[in-house]
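Every read-out reported here was derived from the displayed coordinates using simple, explicitly stated rules and does not represent laboratory data. Just so you know, these numbers come straight off a predicted model, no measurement behind them. Using ideal geometry, Cβ is built from the backbone for each residue, glycine included, and neighbour counts are taken over all protein chains shown.
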Ligand SMILES: [Zn+2]
């Protein structure tokens with residue numbers, strides 16, 4: 001589709017990749033033991049400042065010259081972002097889910113349980129699915145579509161994208 005519109009939100013999240021092990025899985029033959037890099041570096045509790053970019057597309061512009069008036073997206077997407085902002089995003093399958101959430105409950109710390117290991121890639125799909133639920137409510141939803149979501153680490157060279165299959 002020729003027209004595209006992106007909207008980016010800033011978010012800070014905590015997470016951990018509880019099942020990381022660089023010695024197994026895709027690309028594990030690239031692991032260099034002499035690098036002294038911990039094989040599960042990202043299993044530590046840590047956080048990121050992220051940009052979450054939603055990309056919309058359309059074949060034609062609407063009567064106002066827009067793919068979609070981006071101001072209409074601001075409130076619902078801000079509410080979505082706010083649910084996770086400054087939260088520990090934690091997988092219900094994480095073996096430390098119980099102890100971590102108990103600690104968060106005890107000290108009134110924000111967390112957001114999910115059903116997946118919260119890598120950037122998986123978070124991009126999460127935001128895609130949640131945004132799709134929002135635009136499914138739009139009467140003219142078939143005239144534009146969500147193309148994908150990209151997650152960028154603010155001080156990192158890595159970004160992850162989930163695109164509509
Ligand atoms: Zn991380």
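Treat each spin label as a single point 7 Å out from the Cα along the C-beta direction, and report the residue 19 to residue 155 distance in nm.
3.0
By how many degrees, 0 to 90 and rounded to 10, does the Cα axis of helix 120-135 deviate from the longest principal axis of the chain?
Approximately 30 degrees, to the nearest 10.
Please give the helix 70-84 orientation as an angle from the longest Cα principal axis of the chain, in degrees from 0 to 90, rounded to the nearest 10.
That works out to roughly 20 degrees.
If you take the C-alpha gyration tensor of segment 3-163, multiply each eigenvalue by 5 and take the square root, what semi-axes do you get, largest first, in whole Å? Write down the numbers at each step before the final one.
Values: eigenvalues 219, 79, 32 Å².
So the equivalent ellipsoid measures 33, 20, 13 Å along its semi-axes.
For the chain, what is the calculated [θ] at 222 nm in deg cm²/dmol (nearest 500), taking -39500 (n - 2.57) for each run of four or more DSSP H residues and dividing by its residue count? Show your work: numbers first, answer last.
Working: 3 runs with 41 residues, N = 165.
The helix contribution divided over the chain gives -8000 deg cm²/dmol.
Using only Cα atoms, find the angle between the long axis of helix 97-106 and the longest principal axis of the chain, and express it within 0 to 90 degrees, rounded to the nearest 10.
That helix lies at roughly 80 degrees to the long axis.
In nm, to one decimal, how far is the residue 46 label point from the residue 71 one, both placed 7 Å along Cα→Cβ?
Result for the modelled spin labels: 4.1 nm.
Where in segment 1-32 is the amide nitrogen less than 14 Å from a point lying 7 Å along the Cα-to-Cβ axis of residue 61?
Of the residues in segment 1-32, 2-5 have backbone N under 14 Å from the label point off residue 61.
Roughly speaking, what is the centre-to-centre gap between segment 139-165 and segment 29-52 when only Cα atoms are used, to the nearest Å?
About 24 Å separates the Cα centre of segment 139-165 from the one of segment 29-52.
Give me the percent of DSSP beta bridges within the chain that run antiparallel, rounded to the nearest 5. Could you put the intermediate results ahead of the total?
Working: 26 of 32 bridges.
Percentage antiparallel, nearest 5: 80.
How much length, in nm to one decimal, is gained on full extension between residue 86 and residue 35, taken as 0.36 nm per residue of separation minus their Cα-Cα distance? Don't skip to the answer; put the middle values down first.
Details: separation 51, 0.36 × 51 = 18.36 nm, distance 3.23 nm.
The span from residue 86 to residue 35 would gain 15.1 nm if fully extended.
How big, in percent, is the set of alpha carbon pairs in segment 10-73 lying more than 14 Å apart?
On the way: 1463 of 2016 pairs.
Counting every Cα pair in segment 10-73, those more than 14 Å apart make up 73 percent.
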